[in-house]
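The values are calculated or read from the model by the stated rules, or taken from the named source; none is laboratory data. Just so it is clear, the model here is predicted, and its values are computed rather than measured. Here the Cβ positions follow ideal geometry from the backbone for every residue, glycine too, while neighbour counts run over all protein chains shown. Only protein heavy atoms, including side chains, enter the accessible area calculation; ligands, DNA and RNA are left aside. Shrake-Rupley method; radii C 1.70, N 1.55, O 1.52, S 1.80 Å.
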Amino acid sequence: MKRVIFLFLSLIVLAGAAIYISDLEDKADVSQLPGSPPLRPVSVTSALIGSHAGTVSVFAEVKPRWQIDLRSRVAGIVGSMDPQALAGARVNRGAVLLELEAAHYDAGLEEAKFALKNAEFELLKKQKKRDIALKDWRAVRPNVEPPDLAIHLPDVRVAEQSVAAAFARVRAADYDVNSAVIRAPFDAIITNRSVSPGQSVNEGDVLFSLIDAGKLDIRVSLSPREWALLAPDWRSGTARLFSEAGGAIGSAHLRRGGGFLDPESRRYQVFLEVEAAEADTVLPGQFVRVELPGKSLAGTLRIPESALTQNGYVWFVDTDDRLQRFEASALFRSNGEVVVFPPDGLREATHLDIVTLPMNSYLPGQMVSVIETGERK
């Protein structure tokens, strides 16, 4: 009986609370704004669907055409050295960097010249002896060809070989004398000096490290997709060079490329030569952005780079002022713009109203208020 009474009282309390809450809801002050909420404003630029060309942009390192470790070709002691032959210095081709003490090489050259003179004198005597023997043979047997031994021909041939050998020794000795003078093999920048005055060096020791100061090359690696976007006459074109900060620093001639794929990356290789007049603004070892001439592609859009989202979407406003989007990838990038293909269903259109600054909160089909911000591109 107590449980029944408790349950009955509980029901009465619950019913009273429900009546009280219902009475409060009936008295709530609910205001209603007139009309529909305002549409979200969206800035768009009208982009034409047509033929657009661009540039293939890649990063690469500038390298000197020649770069060597200049080694000693002979052994000796450093006798004199150009005081300007220091790391960072520019030297002209043929400039003397250092000289080794070469007294023993000079003596060797003089000995070789003396041996050559003796060999030539011996050859002259053998030749005279041959001529006398041949004259005597002709006087006795004018119609018979003389044997070699009768006219001393083997002696002449041996003497001729001796002269040739002596002349080769003179050339070798002269090479040693010239090698004692170390010269720059091309217009170069000294990047490292490994020798000092009075130091003993052996044949093959590294004396200087040099890089080419005049001719700079760039090797660009392209994916098959990037290679297919190059202009048909790209070999006769010029590539533009930009620093890592984005400023233009020069240009380069397109020399050759595409003849092989890199065995590791399986990418096409293109080789460029930096303009000589711009060697002061483009430096060896510099990392640059290279813009190669691209071909013209029909049925494409040129849009602001900001219109392509990080997840690869381009938003546009349709004829009913509703937001729509499509997936796209940049074919070309240049001057803050990208060239992309429109979706298949819209390639017959003449233009699209592209959203210049898309937001993550956009929804396909959402109605918006259009704000024109640019002319058609």
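Structure notes:
- Å² per residue, accessible surface of the chain at 1.4 Å: 61
- Net charge dipole size for the chain [Lys, Arg +1 and Asp, Glu -1 on Cβ; Debye, nearest 20]: 1180
- Additional length obtainable on full extension of the chain from Arg183 to Asn360, 0.36 nm per residue less Cα span: 57.2 nm
- Counting only Cα atoms, the size of region 160-259 along its three principal axes is 65, 42, 21 Å, in decreasing order.
- The distance between label points at Ile19 and Glu110 comes to 13.9 nm (points 7 Å beyond Cα on the Cα→Cβ vector).
- Carbon/sulfur fraction of accessible area - region 152-277, other protein chains in place, 1.4 Å, %: 50
- Lys/Arg +1, Asp/Glu -1 at C-beta; the chain dipole; positive extreme among Val340, Gly198, Val177: Val177
- Per-peptide average of other Cβ atoms within 10 Å, ordering 54-60, 173-179 highest first: 54-60, 173-179
- Under 17 Å, Cα to Cα: Lys pairs in the chain, sequence gap 8 or more or different chains: 6
- Against the chain, whose longest principal axis comes from its Cα atoms, helix 153-179 is set at around 40 degrees.
- Placing one equal scatterer on every Cα of region 251-321 and applying the Debye formula, the log10 ratio I(q)/I(0) at q = 0.13, 0.16 Å⁻¹ is -0.72, -0.91.
- Ordering Gln324, Val56, Pro284 by Cα displacement along the dipole of the chain toward the positive end leaves Pro284 in first place; charges were set at the Cβ atoms of Lys, Arg (+1) and Asp, Glu (-1).
- Rounded to the nearest 10 degrees, the inclination of helix 2-26 to the longest alpha-carbon principal axis of the chain is 80 degrees.
- Which label in [x] 19.0; [y] 23.5; [z] 49.4 gives the computed mean projected area of the Cα convex hull in nm²: [z]
- GluC sites (Glu not before Pro) within region 192-262: DSSP coil, no more than 12 neighbouring Cβ in 10 Å: Glu203, Glu244
- For trypsin sites (Lys or Arg not before Pro), the sites in region 197-272 that DSSP calls loop and that have at most 10 other Cβ atoms within 10 Å are Arg266.
- Considering only Ala107, Ala47, Ala133, the mean-square fluctuation computed in a Gaussian network model of the chain, springs between alpha carbons under 10 angstrom, is largest for Ala133.
- A straight line joining the Cα centroids of region 249-307 and region 312-377 runs 29 Å.
- Helical mean residue ellipticity (222 nm; -39500 (n - 2.57) per DSSP H run of 4+; nearest 500) of the chain: -9000 deg cm²/dmol
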